[in-house]
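Data first, discussion second: the structure below is written as structure tokens.
The values are calculated or read from the model by the stated rules, or taken from the named source; none is laboratory data. Please read these numbers as outputs of a predicted model, since none were measured by experiment. All Cβ positions, glycine included, derive from the backbone under ideal geometry; neighbour counts span all protein chains shown. What goes into the accessible areas is simple: the full protein's heavy atoms, side chains included, and nothing from ligands, DNA or RNA. Shrake-Rupley method; radii C 1.70, N 1.55, O 1.52, S 1.80 Å.
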Amino acid sequence: MAKLTKTPGKTIDVAHSYAVRLMQHLVVPTFVIDPSRHVVIWNMACERLTGVAASEVIGTTKHWQAFYETKRPCLADLVALDRPEQLPEFYSEYAARGHNGLGFSAENWCVMPKLGSQLYLAIDAGPIHDEAGNLIAVVETLRDLTDQKRGEMALKELATKDGLTGLSNRRSFDQMLMTEWARAQQAQKPLALLFVDVDHFKLFNDRHGHQAGDECLRAVAAVVNRHAMRPLDLASRYGGEEFALILPDMSRDGACAIADEIRCAVMALRIAHGALGAGEHVTLSVGIASHIPGDLNGGPDHLLRAADEALYAAKRLGRNRVICAERLLAEFAGLGREPEPVSAPTRRQSA
């Protein structure tokens with residue numbers, strides 16, 4: 001058999017041609033940019049993933065348009081520019097695998113303008129150097145993790161939400177209270193807490209049944225949730241017929257106004273009650289506390305206890321009312337006597 005011989009230049013050309021064809025037919029979505037960040041390869045799998053044809057991006061620096069609506073660097077760009085310090089700016093989850101040719105890894109949501117739907121992509125980008133150590137290309141590969149990410153988000157949602165009302169559950173409440181207390185302590189701003197309790201709920205269940213009781217709780221929860229309007233406000237089901245509302249950077253007067261809006265909104269629903277010893281319609285009692293955390297406050301348990309005592313004072317004074325712990329103390333101080341201890345089933349403590 002005759003031996004095939006090639007000159008070094010032709011050998012390089014054949015190898016390059018083979019590498020390009022191999023990359024074009026990879027099942028993994030892949031694109032390659034040169035040192036000036038122009039696209040030199042955009043394989044068929046990448047076309048299928050993004051909906052963008054190779055002819056639209058080859059020779060251009062417009063590869064970002066396949067993934068985002070506004071201009072921003074892709075991971076391959078950051079590798080080409082050698083800017084690991086910019087990873088936190090553009091990617092919530094990332095890893096710089098080191099310099100000297102190891103590249104970056106990251107994950108993020110991409111809006112995918114051509115597809116009209118978001119995808120959660122795992123991205124790897126690595127440089128290719130010549131024998132002299134000069135950058136000649138950057139290869140970026142992509143994996144679609146959308147279904148996996150949505151599954152994780154759904155599990156997280158189940159772990160943090162109350163099944164009946166859809167509000168945050170007790171676990172979420174405890175975590176948020178600790179976080180916001182620390183934030184308020186650092187910023188020296190007030191943190192308000194509302195405890196909202198459905199009056200005579202056991203009597204309601206006895207009279208109307210548990211299905212009606214569940215419907216009542218869902219209706220009250222919807223009202224409470226409507227008043228968690230700011231990004232850091234948290235409405236939660238604390239347990240049973242009791243709800244809690246965390247309001248960061250909220251003064252006592254502001255919290256009292258919101259509490260009374262909630263109480264009046266539930267009255268306006270006119271949910272029939274009518275049990276012996278209860279009113280004609282479902283009402284609420286609300287206890288409020290608003291503190292600026294200080295060295296003497298002793299942590300969020302202090303806020304919990306204050307809101308707890310205010311709630312049970314509202315119950316004791318006849319229900320269907322809003323009681324603020326600070327105002328209650330001020331009134332007793334004005335009368336020149338200590339407030340009587342309120343008898344509550346349990347003293348609340350944060351987890």
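Details
- Condition check for residue 156 on (1) under 30 Å from residue 216 (Cβ atoms); (2) in contact (Cβ under 8 Å) with a residue 12 or more places away in the chain: one failure, at (2).
- Qualifying positions in region 177-231 - part of a helix (DSSP H, G or I), among the β-branched types (Val, Ile, Thr) and either more than 26 Å from residue 302 (Cβ to Cβ) or open to solvent by less than 10 Å² (accessible area, probe 1.4 Å) (or both): 220, 223, 224
- Options 48, 143; residue that is farther than 19 Å from residue 34 by Cα, touching a strand residue (DSSP E or B) at 6+ places or on another chain (Cβ under 8 Å) and among the basic types (Lys, Arg): 143
- Selected residue (criterion: surrounded by the fewest Cβ atoms within 10 Å (Cβ to Cβ)) from residues of region 148-176 that are aliphatic (A, V, I, L, M) and at pLDDT 90 or above: 164
- Conditions (1) small (Gly, Ala, Ser); (2) under 30 Å from the mean Cα position of the chain (by Cα); (3) part of a loop (DSSP other than H, G, I, E, B): number failed by residue 132: (2)
- Checked against the criterion of being of a type in the set (Phe, Trp, Tyr) and touching a Gly at 6+ places or on another chain (Cβ under 7 Å), region 186-197 has at least one qualifying residue.
- Checklist (1) at pLDDT 95 or above; (2) open to solvent by 30 Å² or more (accessible area, probe 1.4 Å); (3) of a type outside the set (Gly, Ala, Ser) applied to residue 253, failing item: (1)
- Test: residue in region 234-244 that is without any contact (Cβ under 8 Å) to a residue 12 or more places away in the chain and surrounded by fewer than 20 Cβ atoms within 10 Å (Cβ to Cβ): no
- Reported count of residues in region 18-62, each being more than 17 Å from residue 73 (Cα to Cα) and among the acidic types (Asp, Glu), is 2.
- Hits in region 37-58 (condition: under 37 Å from the mean Cα position of the chain (by Cα) and hydroxyl-bearing (Ser, Thr, Tyr)): 50
- When region 109-126 is filtered for residues that are more than 16 Å from residue 66 (Cβ to Cβ) and open to solvent by 30 Å² or more (accessible area, probe 1.4 Å), only 124 remains.
- Pairing each residue of region 82-111 that is more than 23 Å from residue 148 (Cβ to Cβ) with any residue that is of a type outside the set (Phe, Trp, Tyr) and at pLDDT below 90, provided the two are 6+ apart or on different chains, yields C-beta distances under 6 Å for 84/96.
- Candidates in region 40-74 are the residues that are part of a strand (DSSP E or B) and open to solvent by 60 Å² or more (accessible area, probe 1.4 Å); of these, the one that is nearest to residue 23 (Cα to Cα) is 40.
- Matching residues in region 1-39 - criterion: being modelled with pLDDT under 80, open to solvent by 80 Å² or more (accessible area, probe 1.4 Å), among the β-branched types (Val, Ile, Thr) and not in a helix (DSSP H, G or I): 5
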